[in-house]
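Accompanying notes for the structure given below.
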Amino acid sequence: MAPERCTVLIVDDDEEIVDLLREYFRERNFEVISTTDSLKVVEALRAFSTKLLVLDLKMRDLDGFGVLEKIRGAGLPLPPTIIITGYFPKYKDRLERHGIHENDVVKKPFSFDALEEAIGRKLGKQVSADEPEREHEDELYKKNRCVIGCIEDEEDVLEYFPRFFEERNYRVLCYRNGTEAFEALQKRKVDILFVDIKLPGMQGDRIIERLSQRPNPPYMIPISADLFPGDMKARLAAAGCRDFISKPFDVIELIALVKTVALERKLLG
């Protein structure tokens, strides 16, 4: 049986290994964020709630130890971490200074059995492929007619955000500037719209209020890195917003919310 769904961040500069790991985790009902650029890890952790980090030690631009130091320097909590390396005895003491022990290391060349055991230890649950769930989702999203819009100026969010939905056959339109997004949305219909509150150009709350006055507005979801002020939340609720999302995003919740709205609007299946 698959574990409760959670999000894994894979960091390795070998694209073939990343592709293998992505498929492995997806088959086990995980949501996957992956990057071959170790310099982007801190930004990814700031943007997305991550329950497991799979980190290679030997990488070109910034090695795994550099990544661990940057996470610590940014004041971010280190998620449960599995290290992939062929040189554990050499790095044992350095890893232990980061709270990473031998049981957290999968040695190269790694086997998926060893990886599965390490995941089970870190999450406290056994993991296994969940083919029925995967087949059910594939069938549900096969005839997906839902268009998602995202107005967000953070590059790391725009890099990862569309992937979760495009692999489920949603069409995703992204905008970086509030004014440009508002103008584009006069002509282009979307069904669900994520709107960051702080934007270049027109601010997100103003976009939501103005779009809510049009016939058949999209289902709009405000997002923010900060708490929503009470007066703003009341105004947005009056404009029809029912859900408010804070960063870092919980990917599982995002996907479930979009799925619920798309089903309500008869845009799936």
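Where a number appears in this text, it was derived from the coordinates with a stated rule and is not lab data. From a predicted model like this one, the values you see are computed outputs, not experimental measurements. Cβ sites come from the backbone with ideal geometry, for glycine too, and all protein chains shown count toward neighbours.
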Contact order relative to length of the stretch 132-264, as percent, for alpha carbon pairs under 8 angstrom and 6 or more apart: 21 percent
Gain upon complete extension [ASN144, THR179; 0.36 nm per residue less C-alpha separation]: 9.7 nm
THR36, THR7, THR260 arranged by Cβ crowding within 10 Å, fewest neighbours leading: THR260, THR36, THR7
Additional length obtainable on full extension of the chain from GLN126 to ASP113, 0.36 nm per residue less Cα span: 3.5 nm
Built amide H within the under 5 Å cut-off of VAL105, gap 5+: ILE83
FRET efficiency, 1/(1 + (r/R0)^6) with R0 35 Å, evaluated for ARG26 and ASP226 via beta carbons: 0.60
Added length on full extension, which subtracts the Cα-Cα distance from 0.36 nm per residue, SER246 to GLU155: 31.1 nm
Answer label for P(r) over Cα pairs in 10 Å bins from 0, in percent (calculated), chosen among (i) 6, 22, 25, 19, 14, 9, 4, 1, 0; (ii) 8, 33, 39, 18, 3, 0, 0; (iii) 6, 27, 31, 22, 11, 2, 0: (iii)
Alpha-carbon centroid distance for the pair the stretch 226-261 / the stretch 143-210, whole angstrom: 14 Å
17 Å Cα-Cα reach of LYS58 towards lysines, excluding residues that sit fewer than 8 places from it in its own chain: LYS40, LYS70, LYS90, LYS92, LYS107, LYS108
Distance between modelled label sites at ALA256 and ARG97, nm, 7 Å Cα→Cβ extension: 4.0 nm
Approximate spin-label separation GLN203-ARG163, in nm, with each point projected 7 Å along Cα-to-Cβ: 3.3 nm
Simple spin-label estimate for ALA238 and LEU263 in nanometres, 7 Å along Cα-Cβ: 3.4 nm
Only Lys, Arg (+1) and Asp, Glu (-1) charged, at Cβ; the stretch 7-129 dipole about Cα centre in debye: 500 debye
Residues PHE110, PHE65, PHE161 arranged by fewest to most Cβ contacts within 10 Å: PHE65, PHE110, PHE161
Given charges at beta-carbon only (K, R positive; D, E negative), |dipole| of the chain in Debye: 840 debye
